[in-house]
Amino acid sequence: MTKADEIQKYLPLTESMFYVMLSLVEPLHGYGVMQKVEVISRGSVTIGPGTLYGMFTSFEEEGLIAMVKEEERRKSYLLTAKGRRVLSKQIERLEIMNKCAAEFKNRL
Amino acid sequence: METDTCWKFRWFWAWQDDHEEEWLGSLSREGWHLSELGVPGVYYFRKGEPMRYAYRMDFQTSRMQDREAYLQLFRDAGWEHVGKMSAWEYFRKEAKPGEEPEIFTDPESKILKYRRVLWFLVIFFPILFILFSTSWRHLPERGEIGVALLCIAVGLLLLYVFGMLGILRRIGTLKQTIRK
């Protein structure tokens, strides 16, 4: 599998995945991610603990995030280089969509 | 002064976890709060003030390496861990009228939960099949007891298949809610 394919298989990210990955551009623990997603998504996306735990597990298995520290039973995670590449690709896609939306907005 | 306690037996299929959650919630609204979980199907309750609780369950096998971090995440999010029944973890959170707190906020993670149940149950199929084939093969020798054993084996197999199909159907329904 080429490097491009490796990234491509994760795209498009679901809304929840997108916001969780965005939150992990800097180290953050579980509940911190839940709060951050609520804020940056302007309340449009909420992540439950069951969903988040599953995401952390699979993202870590796939090498998209890595645990950076554990304090008082709270694990903090950070995006890996691979995770950053996936997120960048997703943002590229969203930028294209955004451009189209702006172009067509007047015609609606 | 002794608190009122009681226990109930009730069987829920894995794909009826939402009914189970609703049942526990309605009991809390009457003041009977889940206090402990026993062997599969047995629930212990303690009497208290009527409360609006949302009960939610997760299925996690013992392959989960970091149960402490798992529970802490739920605790941070405001969920109280009530107990564990087999591999089912029970949580509750106070809910104001109109609120529906959820531990799974997208269909993908709900599907993963049911998949975990399927993988857990897959182990039992060879056991049940061996039970069935041995009781079938030894049928002529054992007479009435043999027939009874065979019926039990068939019964268990049918229940097993019914359970698995129910879970698969639930997964199918959830998959349809995913917009691609």
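The values are calculated or read from the model by the stated rules, or taken from the named source; none is laboratory data. A quick note: this is a predicted structure, and the numbers were derived from the prediction, not measured. Every residue, glycine among them, receives a Cβ derived from its backbone with ideal geometry; neighbour counts consider all protein chains shown. Side chains included, ligands, DNA and RNA excluded: accessible areas come from the protein's heavy atoms. Shrake-Rupley method; radii C 1.70, N 1.55, O 1.52, S 1.80 Å.
Some observations on this one:
- Filter result for B:Gly98 (open to solvent by 30 Å² or more (accessible area, probe 1.4 Å), free of Cβ contacts under 8 Å to residues at least 24 places away in the same chain and more than 14 Å from chain A (Cβ to nearest Cβ)): yes
- Candidates A:Glu61, A:Glu70: the one that is without any contact (Cβ under 8 Å) to a residue 12 or more places away in the chain, in contact with a helix residue (DSSP H, G or I) (Cβ under 8 Å, 6 or more places away or on another chain) and closer than 21 Å to A:Leu28 by Cα is A:Glu70.
- Matching option when the condition is out of contact with any strand residue (DSSP E or B) (no Cβ under 8 Å at 6 or more places or on another chain), more than 19 Å from B:Tyr114 (Cα to Cα) and within 14 Å of chain A (Cβ to nearest Cβ), among B:Glu68, B:Glu49: B:Glu68
- Selected residue [assigned to a loop (DSSP other than H, G, I, E, B), crowded, with 18+ Cβ neighbours inside 10 Å and under 19 Å from the mean Cα position of the chain (by Cα)] from B:Ile103, B:Ile111: B:Ile103
- Helices (runs of 4 or more DSSP H) contained entirely in the stretch A:21-108, each with at least 3 residues that are of a type in the set (A, V, I, L, M, F, W, C) and loosely packed, with under 13 Cβ neighbours inside 10 Å: A:81-105
- Filtering the stretch B:20-49 to residues that are in a loop (DSSP other than H, G, I, E, B) and open to solvent by less than 80 Å² (accessible area, probe 1.4 Å) leaves B:Gly31, B:Gly38, B:Pro40, B:Gly41, B:Gly48.
- Matching entry among B:Ser135, B:Ser86 (being under 22 Å from the mean Cα position of the chain (by Cα) and of a type in the set (Ser, Thr, Tyr)): B:Ser86
- Each residue in the stretch B:72-83 was checked for being open to solvent by 20 Å² or more (accessible area, probe 1.4 Å) and either in a helix (DSSP H, G or I) or modelled with pLDDT under 95 (or both), and 2 of them qualify.
- Test: residue in the stretch A:35-48 that is touching a Gly at 6+ places or on another chain (Cβ under 9 Å) and within 14 Å of another protein chain (Cβ to nearest Cβ): no
- Flag for B:Asp17 being within 14 Å of chain A (Cβ to nearest Cβ), open to solvent by less than 30 Å² (accessible area, probe 1.4 Å), modelled with pLDDT under 95 and within 23 Å of A:Thr51 (Cβ to Cβ): yes
- Remark: pairs (first residue in the stretch B:104-118, more than 9 Å from chain A (Cβ to nearest Cβ); second residue among the small types (Gly, Ala, Ser); Cβ separation under 6 Å; 6+ apart in sequence or on different chains) = B:Val117/B:Ala14.
- Within the stretch A:19-34, the set of residues being more than 12 Å from chain B (Cβ to nearest Cβ) and not aliphatic (A, V, I, L, M) comprises A:Ser23, A:Glu26, A:Pro27.
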